[in-house]
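Beneath this line is the structure, given in structure tokens, with notes to follow.
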Amino acid sequence: MSISLLDELVRNHLGEPNHYFCGGNMFIYYSLQQAKEIEEYVEAETPKRKPRFKGPDFFLVKGVDGTKPRDSWVVWNEDGRYPDLVVEFISSSTRAKDVDKNVKFYAHVFRVPEYFWFDRRSGELVGYRLTADGYVRIEPDARGWLWSEVLGAYVGVWRGSYRGRVWSWLRLWDSEGQLVLTREEREARERAAREQAEARAAQLQAELEQLRERLRQQGVISDDEPQP
């Protein structure tokens, strides 16, 4: 659910995907040799070695047509484009890879401008930005949020309910510090606003009727006077 939430938030923040592509749990093929290794691994009855799989939990590529259907991201079919942003949700089994090996890989092989990893159990969030000398840590602000230049938004940890599960989730905030809402949250907020407006209108109507009744009692207006 963490991946689907992040995917939804990025799309809600960036708008229609005609200028970017989001991928989740999708293989990235970055060399013909790597693709051949994976093909041989899948077809072999007793594989000799594990191929160089690369499937980030979430990645974003900007400046491409995101409406084009893709089962995987094939770099040489995408004009050599690599991800601009990668996010990994780490677990106990992947922690060593995500916090050490992936930092080196994404910096030196993919040259990903921004890389974030998030430990859902501890709530630990770390981000890196690519420089000429490799990755440098993105310093959190006073709220603990990390600014993403790629997204044009803050990335931070939010604890609350998503699809009925209370957990620490990775969320986005815009440049003004406003939480980027899910569709469900936006609809709930709009519904609450409508209900509040309807309640206020009903209250004003009741107050108007009370005022008219007092004016009738004082003889200022008559019962047969037309309603406004």
Open item on the list: For the range 106-122, give me each residue that is among the small types (G, A, S) and within 17 Å of G144 (Cβ to Cβ).
Closed with: S122
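Does the range 174-188 include one or more residues that are under 21 Å from R95 (Cβ atoms), touching a residue at least 12 places away in the same chain (Cβ under 8 Å) and in the same structural domain as K62 (by TED's automatic domain parsing)?
No: the range 174-188 contains no residue that is under 21 Å from R95 (Cβ atoms), touching a residue at least 12 places away in the same chain (Cβ under 8 Å) and in the same structural domain as K62 (by TED's automatic domain parsing).
Residues are listed down the side, and each one gets a yes or a no for (1) at pLDDT below 80; (2) closer than 21 Å to V74 by Cα; (3) in a strand (DSSP E or B); (4) not aliphatic (A, V, I, L, M):
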position: D7; (1), (2), (3), (4): no, yes, no, yes
position: V10; (1), (2), (3), (4): no, no, no, no
position: H13; (1), (2), (3), (4): no, no, no, yes
position: G23; (1), (2), (3), (4): no, yes, yes, yes
position: Q33; (1), (2), (3), (4): yes, yes, no, yes
position: E37; (1), (2), (3), (4): yes, yes, no, yes
position: P47; (1), (2), (3), (4): yes, no, no, yes
position: K50; (1), (2), (3), (4): yes, yes, no, yes
position: F59; (1), (2), (3), (4): no, yes, yes, yes
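If we keep just the residues of the range 105-136 that are acidic (D, E) and out of contact with any Leu (no Cβ under 8 Å at 6 or more places or on another chain), which is surrounded by the fewest Cβ atoms within 10 Å (Cβ to Cβ)? Don't jump to the end; show me each part of the working.
Narrowing the range 105-136 to residues acidic (D, E): 114, 119, 124, 133.
Restricting the remaining residues to those that are out of contact with any Leu (no Cβ under 8 Å at 6 or more places or on another chain) gives 124, 133.
Working: E124: 14, D133: 7.
So, considering only residues that are acidic (D, E) and out of contact with any Leu (no Cβ under 8 Å at 6 or more places or on another chain), the one surrounded by the fewest Cβ atoms within 10 Å (Cβ to Cβ) is D133.
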- [ ] Could you list all residues from the range 71-128 that are in contact with a strand residue (DSSP E or B) (Cβ under 6 Å, 6 or more places away or on another chain), acidic (D, E) and either under 27 Å from Q33 (Cα atoms) or not assigned by TED's automatic domain parsing to the domain that holds W158 (or both)?
- [x] D84, E88, D98, E114
- [ ] Out of Q218, Q196, report the one residue that is surrounded by fewer than 10 Cβ atoms within 10 Å (Cβ to Cβ) and outside the structural domain of G123 (by TED's automatic domain parsing).
- [x] Q218
TODO: Identify the single condition in (1) crowded, with 19+ Cβ neighbours inside 10 Å; (2) assigned to a strand (DSSP E or B) that N102 does not satisfy, given that it satisfies every other one.
DONE: (2)
- [ ] Take the residues in the range 128-151 that are under 15 Å from the mean Cα position of the chain (by Cα) and without any contact (Cβ under 8 Å) to a residue 60 or more places away in the chain, then tell me which one is nearest to A107 (Cα to Cα).
- [x] E149
Open item on the list: I need the full set of residues from the range 101-134 which are hydroxyl-bearing (S, T, Y) and more than 13 Å from V86 (Cα to Cα), in order please.
Closed with: S122, T131
Task: Among the residues listed as S168, S161, S122, S175, the single one being farther than 28 Å from H19 by Cα, in a loop (DSSP other than H, G, I, E, B) and hydroxyl-bearing (S, T, Y) - done: S122
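The values are calculated or read from the model by the stated rules, or taken from the named source; none is laboratory data. Keep in mind it's a predicted model, so treat the numbers as computed, not measured. Here Cβ is always computed from backbone atoms with ideal geometry, including for glycine, and neighbour counts include all displayed protein chains.
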